[in-house]
Amino acid sequence: MNNQKELKNYEAPMALPWKPVFGFILCIILTAFSLWGMFYADYSPKILLGLITILAFSQAVIQLLHVQEHLK
């Protein structure tokens, strides 16, 4: 019984939480894509505004899903 208590003290550290890391990397990629669109694309401002709106909405959805996961 005493050995079991000692083993609990030396448990392996928790693994890296991959879902938040993946969400963060995805948001960084979406932000970089938005910046690239504004600086280097030759589309009309209406198209760029629509594209950035869609990317911003998808980032908000990613962040909201991440928050909901922590509330459960």
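Readers should treat all values here as calculations from the given coordinates under stated rules, not as data from a laboratory. None of the values given here were measured: they were computed from a predicted structure. Glycine also receives a Cβ, built like all others from the backbone with ideal geometry; neighbour counts cover every protein chain displayed.
Can you tell me the FRET efficiency between Ile47 and Gln68 if r is taken as the Cβ-Cβ distance and R0 is 35 Å, rounded to the nearest 0.05?
Working: r = 32 Å, r/R0 = 0.91.
Computed FRET efficiency for Ile47 and Gln68: 0.65.
When only alpha-carbon atoms are used, what values of Rg and Dmax, in angstrom, describe segment 22-72?
13.0, 44
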